Structures are given as C-alpha cells and as structure tokens.
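Single-structure report; data block below.
The values are calculated or read from the model by the stated rules, or taken from the named source; none is laboratory data. Everything quoted here is computed from the prediction, not taken from an experiment. No Cβ is skipped: glycine too gets one built from the backbone with ideal geometry, and neighbour counts run over all protein chains shown. Side chains included, ligands, DNA and RNA excluded: accessible areas come from the protein's heavy atoms. Shrake-Rupley method; radii C 1.70, N 1.55, O 1.52, S 1.80 Å.
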Amino acid sequence: MEAEQARILIVDDDRELRELIAETLSEYGYYSQAAKNGAELFAALEREPFDLILLDIMMPGEDGLSLCRRLRAPGTPHCAVPIIFLTALKDITDKVVGLEIGGDDYLCKPFHARELIARIRALLRRSSLSGEARGIENGGTEGVDSALLFGGWKLNVMARHLIDEEGVVVPLSAAEFRLLMLLLSHPQQVVTRDMIMDYLAERSLNIYDRSIDAQVSRLRTKLRDKGANPGLIRTMRGDGYMLASPVRRGSLL
C-alpha cells in the first residue's frame, strides 16, 4: 500500500504527541485523524475507514488493551484493522500481552520518527500480504464471503477467526492469526523457525526460540490438534513445523 493511500488513526490522550505524530505522518504522505479516548476512537471509525491504528496503552478511563479487545471481537466491522501499540511500558511481559490480545506491533515511547514510519510501512506490507493469503495458490480475491479451507476448518481472513465444522467461531490472537497464515501459505511444506521468527517479527521482542513452540502450542489448542502426535500441524524435528493439510479457497457459507 502506498503512503498516500494509507489512512491512519492516532489514539492517544497526549495532545502534543498526537499533533507531533500527525505532523510526521503528513510529512511522509500519510493521511491521519486523531482521537484522545475510546469514544472518539469508535466515533472516528464510524465516520470513515482506516488502514492502521496507532493506539496508546496507558490512557485514563478505558486503556488501550481494553480498546484492542473490543476492536478484535469476532464479527466487529473493524476487527481486521492493524494495530500498533504506543507504550511507555518497559516490561517485556506487558508487550507480549498486548500482542497476544490482538495488537500487531508495539513502539516504545519516546520513539524516533523514522522508527515510527518504518514500523507503519512494515505492518501495512504484512497486512496486505495477509489479506492476500500470502500468495496461496489460486488465491486472488473472491469477495468478503470467501474463506481458506483446511483440515475441516475454515479461516475467515477478513475477520481473523476460525470456523469449525459445526459453524462455531474460534477467535485468534494477532500472533496466532499471523502464524496460521504463514503455515497456510506453505501447505505441506516445512516452515522453518527462522521463517516464523521473521514473519511474526518476534526478533524485536528478544524472545528465545521457545516462544515459537508456545505459539504453535496455543494455535494447536485452538485447532484441537493436541496430543502426543498432532496430525494437522506437525513438528519437523530440527527444522520447524508443517501444515499437513492441503489448502483451498471456498465460501464461508
């Protein structure tokens, strides 16, 4: 997505910071609007669409984590909009929690304008790739009612949730969604740990490789693929993981 086409919503209670970010975005060709709290956030989303949200965590009243949970609720009209958290929190656990509940990236205050723009560009690229199912064979766009079908499951890419054979919706965190998209883009092929770390941007968190195993374990739980020998996401010893099922595009209905 080109900068001049991207629309960004800035949500922060600090007026000076909102204005500084808006000025920076304008210099790089981005369109932006600002909100100081949750009420203004949802009002802005009702008025016009946005391609990305910059969301402060520490705000009076409803904080950014709570707002993110509301935005990511299955079936909500804005559940697929990428979110970058703006945070003064230094604890790595707090950052991981933000990503697990649906954030796509985080930026620690104070930050440099160039880092902000770099993270926005990277996330917009990743979001575009996810929306296109990461180049899955015979992909293309077939409307909002299309899904990716594999192993008895359907993935609603737009809403970022799974649907089982009984029609039950299973929500995914941002990290689980990105991991699943990576596996779906390489069906019946080995996806290495390096590929996973690069795609999930986990290197910026300085987390050890064990975090990949934890992410896979959580995704297997959502897919009911647990046990001594999981059949859908297979562990390839010394290499990485493989989605054992073929993938095709079909209807959500």
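So here's what we get for this one:
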quantity	calculated
Filter result for residue 129 (at pLDDT below 70, closer than 27 Å to residue 95 by Cβ and either open to solvent by 20 Å² or more (accessible area, probe 1.4 Å) or within 20 Å of the chain's Cα centre (by Cα) (or both))	yes
Residue 228 part of a loop (DSSP other than H, G, I, E, B), at pLDDT below 90, more than 15 Å from the chain's Cα centre (by Cα) and surrounded by fewer than 17 Cβ atoms within 10 Å (Cβ to Cβ)	yes
Selection count, region 1-16, where residues are within 15 Å of residue 113 (Cα to Cα) and without any contact (Cβ under 8 Å) to a residue 24 or more places away in the chain	1
Test for residue 102: is it farther than 12 Å from residue 57 by Cα and either surrounded by 14 or more Cβ atoms within 10 Å (Cβ to Cβ) or of a type in the set (Val, Ile, Thr) (or both)	yes
Test: residue in region 40-53 that is within 22 Å of residue 109 (Cβ to Cβ), open to solvent by 20 Å² or more (accessible area, probe 1.4 Å) and touching a residue at least 12 places away in the same chain (Cβ under 8 Å)	yes
Count - residues of region 22-73 that are within 24 Å of residue 177 (Cα to Cα) and either in contact with an Asp or Glu (Cβ under 7 Å, 6 or more places away or on another chain) or small (Gly, Ala, Ser) (or both)	5
Verdict on residue 183 being surrounded by 15 or more Cβ atoms within 10 Å (Cβ to Cβ), under 20 Å from residue 215 (Cα atoms) and at pLDDT 90 or above	yes
Which numbered condition residue 122 fails, given (1) assigned to a helix (DSSP H, G or I); (2) open to solvent by 10 Å² or more (accessible area, probe 1.4 Å); (3) more than 20 Å from residue 178 (Cα to Cα)	(3)
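For every residue, the table says whether it meets (1) of a type in the set (Phe, Trp, Tyr); (2) over 22 Å from residue 188 (Cα atoms); (3) modelled with pLDDT under 70.
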site	(1), (2), (3)
86	no, yes, no
90	no, yes, yes
104	no, yes, no
112	no, yes, no
152	no, no, no
163	no, no, no
